[in-house]
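Here the structure comes first, spelled out in structure tokens, and everything after it is commentary.
Any read-out appearing in this document is the output of simple, stated calculations on the displayed coordinates, not a laboratory observation. For clarity, every value in this text was computed on a predicted model and none was experimentally measured. Heads up, the Cβs are rebuilt from the backbone with ideal geometry, glycines too, and the neighbour counts pull from every protein chain shown.
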């Protein structure tokens with residue numbers, strides 16, 4: 001079973017929080033697959049990861065770029081793991097079947113959207129019922145994450 005962390009965005013938007021989280025993944029020598037809800041959202045994320053910090057470089061790619069096995073971070077809209085990642089990041093309330101194929105899953109959701117919060121609660125209950133280890137992280141002022149459950 002996988003370790004699944006639910007990350008409740010409260011003080012900064014996804015485009016600020018996700019790159020920082022992915023930096024930690026890459027710095028730790030791990031690989032990630034980021035699964036978005038649509039091709040448009042994936043394209044937005046691709047641009048965001050190139051431009052979020054002019055002084056930083058966050059290596060990533062998509063199917064369009066080819067050679068997924070060389071990408072530390074792979075962006076997709078489908079349930080796949082072509083870069084051999086051990087971390088799965090879900091955004092846009094995406095649900096995917098192969099969570100068990102990853103050591104860790106990060107489920108990020110917008111705390112300012114009541115529907116997104118309710119959907120995250122349903123996913124939490126489902127993942128827990130499936131036997132996964134689940135934790136809940138809430139974003140505090142300044143963007144720091146605090147483990148709540």
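Hey, does the range 127-135 have a residue that's at negative phi, surrounded by fewer than 17 Cβ atoms within 10 Å (Cβ to Cβ) and part of a strand (DSSP E or B)? Checked the range 127-135: at least one residue is at negative phi, surrounded by fewer than 17 Cβ atoms within 10 Å (Cβ to Cβ) and part of a strand (DSSP E or B).
Looking at residue 14, is it surrounded by 15 or more Cβ atoms within 10 Å (Cβ to Cβ), in contact with a helix residue (DSSP H, G or I) (Cβ under 7 Å, 6 or more places away or on another chain) and touching a residue at least 60 places away in the same chain (Cβ under 8 Å)? Before the answer, list the steps.
Details: surrounded by 15 or more Cβ atoms within 10 Å (Cβ to Cβ): yes; in contact with a helix residue (DSSP H, G or I) (Cβ under 7 Å, 6 or more places away or on another chain): no; touching a residue at least 60 places away in the same chain (Cβ under 8 Å): yes.
Criteria not met by residue 14.
Scanning the range 59-95 for residues that are within 14 Å of the chain's Cα centre (by Cα) and within 15 Å of residue 19 (Cα to Cα) yields 60, 72, 73, 74, 75, 87, 88, 89, 90, 91. Taking the stated definitions as given, is residue 58 outside any helix (DSSP H, G or I), surrounded by 14 or more Cβ atoms within 10 Å (Cβ to Cβ) and in contact with a helix residue (DSSP H, G or I) (Cβ under 9 Å, 6 or more places away or on another chain)? It is true that residue 58 is outside any helix (DSSP H, G or I), surrounded by 14 or more Cβ atoms within 10 Å (Cβ to Cβ) and in contact with a helix residue (DSSP H, G or I) (Cβ under 9 Å, 6 or more places away or on another chain). Looking only at the range 17-55, residues that are without any contact (Cβ under 8 Å) to a residue 60 or more places away in the chain, within 15 Å of residue 85 (Cα to Cα) and either in a helix (DSSP H, G or I) or out of contact with any strand residue (DSSP E or B) (no Cβ under 8 Å at 6 or more places or on another chain) (or both) come to 6 in all.
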